[in-house]
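Structure first, then comments.
The values are calculated or read from the model by the stated rules, or taken from the named source; none is laboratory data. On a predicted model such as this, the values are computed, not experimentally measured, just so you know. All Cβ positions, glycine included, derive from the backbone under ideal geometry; neighbour counts span all protein chains shown. Side chains included, ligands, DNA and RNA excluded: accessible areas come from the protein's heavy atoms. Shrake-Rupley method; radii C 1.70, N 1.55, O 1.52, S 1.80 Å.
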Amino acid sequence: MAAPLSNTPGASGGAAPVRRAGPLWLLPPVAVLALGLLGASVWEPRAFQDGGQPGAGTASDAVVAVGRGHLGSGDAGAGYHSVVVLGAPAERSDAVAAPAAAATPRASSASGSAPARGAQPPIATARGDGTQGPAGAGTGNGGTAAAAAQAPVPVPPPGAPESKAACQLLLPRLPTVDRALCESTRLAESGAHSRKGLPLYWRDVFPAPAPAGRAGASATPPPPLRVLVVGAIHGDEPTSASLAMRWIGFAAQPARSLRQPVHWRFIPALNPDGMLAKPATRVNARGVDLNRNFPTPNWERDAPVYWQKRTHRDPRRWPGPTPLSEPESRFLHEQMEGFRPDLVVSIHAPYGVLDYDGPLPPPSRLGQLRLDQLGIFPGSLGHYGSVRQGMPVVTIELQHELRMPDDSQVRQMWVDLLRWMDTHLATADTPPAGTAVR
């Protein structure tokens with residue numbers, strides 16, 4: 001790993017000397033030039049400017065597109081089919097930081113790396129006007145705030161008015177979800193609202209306590225994994241919301257034998273404004289693509305350029321005026337900062353593949369969906385979660401935005417996800433409890 005080439009601000013606010021580890025600093029430029037000879041191209045040439053120049057990054061900021069186009073479609077504006085990122089997330093520019101990071105003290109003057117899995121940063125508290133206060137504001141103890149954010153959301157009783165209201169609102173746009181199934185999910189109002197003021201609903205499913213004296217149970221059970229499942233980030237992909245609703249029912253069933261229990265948090269429809277529009281729209285009521293509105297590194301530089309140059313100002317992919325400009329993306333960002341999921345599952349349609357970003361080996365398949373890593377986009381949830389937060393993000397691309405997969409595939413995707421979680425997320429020294437997942 002090459003040492004950073006840019007000047008790093010010191011504790012006094014001045015610029016620290018450039019550090020170079022012998023000739024190793026030449027590796028990133030040489031690697032990019034070599035890839036260039038093979039037909040690759042550098043996504044951000046300014047990454048090689050001196051760190052003191054406006055808008056400059058470091059050599060490790062270079063993203064090289066090895067194969068352009070989206071799933072071989074030839075549409076160069078769609079994204080990068082495969083990419084090479086030179087440098088670790090810790091070396092990338094912190095020009096656009098998450099709102100909570102501003103109040104987080106750093107142990108050194110160097111750019112901070114993504115938090116380790118399970119780390120609990122201070123929580124950014126939400127104010128009534130939709131903005132965020134400093135991390136830890138409103139509490140005397142950051143750990144207490146983190147524990148509160150990770151506590152299960154209360155589940156409404158069967159037939160609760162808020163659950164019925166959620167179904168009254170969303171049910172007309174949910175393929176293969178009937179009223180009985182919808183009301184059985186017992187969605188609750190989160191307290192957050194969309195751009196048009198519609199409630200954003202959620203549901204927590206917390207693992208039941210292990211029965212006393214059960215064979216294989218340890219005296220001190222491991223803390224549960226935290227998994228965040230998000231559907232309908234794009235409003236014209238209603239099957240993504242339906243899959244999340246179906247999986248709430250699976251999560252609430254008696255758990256299969258896993259090495260570590262799971263605390264699930266479901267947000268089935270992050271973009272109700274787009275989903276309920278006539279016709280439904282990818283973007284929210286302000287015209288912002290929520291999946292381009294997250295504070296990825298250098299968002300203010302890269303997101304507008306990508307939108308203008310790569311998508312040719314496609315209105316369906318406008319990233320918004322600033323990162324986290326929308327109440328829906330702020331709400332999801334708050335969940336990632338406070339709930340601190342060990343895994344994020346983002347459900348989309350209609351490309352019929354499985355995408356993955358993050359530090360762990362990816363799942364090779366979920367049901368009939370095979371792994372085909374699509375690359376990274378400025379402002380996307382996968383980019384933000386993996387690079388900025390250090391979280392694995394599994395992106396499910398269903399085959400159709402209006403037609404659900406059959407019931408066997410809905411369940412097989414769930415079983416395959418649990419199996420991958422048990423292999424790669426469960427605490428390494430936690431013995432299996434009972435039989436293996438089948």
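Enter the accessible area per residue of region 228-310 (Å², integer; probe 1.4 Å; all protein chains in place). Mind dumping the intermediate values first?
Numbers: 2200 Å² over 83 residues.
Per residue, region 228-310 has an accessible area of 26 Å².
Accessible area per residue of region 363-405 at 1.4 Å probe, in Å²?
Details: 1470 Å² over 43 residues.
With all protein chains present, region 363-405 gives 34 Å² per residue.
Can you check what the net charge comes to around Arg203, using other residues whose Cβ is under 9 Å from the Cβ of Arg203 (Lys, Arg +1; Asp, Glu -1)?
Details: positive: Arg186, Arg265; negative: Asp204.
That works out to +1.
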### Query
Once the other residues with Cβ under 10 Å from the Cβ of Ala166 are scored (Lys, Arg +1; Asp, Glu -1), what is the net sum?
0
#### Entry: Whole-angstrom gap from region 267-296 to region 355-402, using each part's C-alpha centre
19 Å
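Ignoring any ligand, DNA or RNA, what whole percent of the accessible area of region 375-424 comes from carbon and sulfur when the probe is 1.4 angstrom?
That share works out to 47 percent.
Measure off, as a whole percent, the carbon and sulfur share of the 1.4 Å-probe accessible area of region 201-346, all protein chains present. Walk me through the intermediate numbers first.
Values: 2730 of 4840 Å².
Of all accessible area on region 201-346, carbon and sulfur atoms account for 56 percent.
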### Query
Which cross-chain or sequence-distant (5 or more) residues have an amide H under 5 Å from the amide H of His348, H modelled 1.01 Å from N in plane?
Ile396, Glu397, Leu398
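In the neighborhood of Met336, defined by Cβ-to-Cβ distances under 12 Å, what is the net charge if each Lys or Arg adds +1 and each Asp or Glu adds -1? Present the calculation step by step, with values, prior to reporting the outcome.
Values: positive: Arg226, Arg265, Arg330, Arg340, Arg388; negative: Glu334, Glu337, Asp342.
Within the 12 Å Cβ shell, the charges total +2.
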### Query
In region 295-404, what % of DSSP beta bridges are antiparallel (nearest 5)?
55 percent
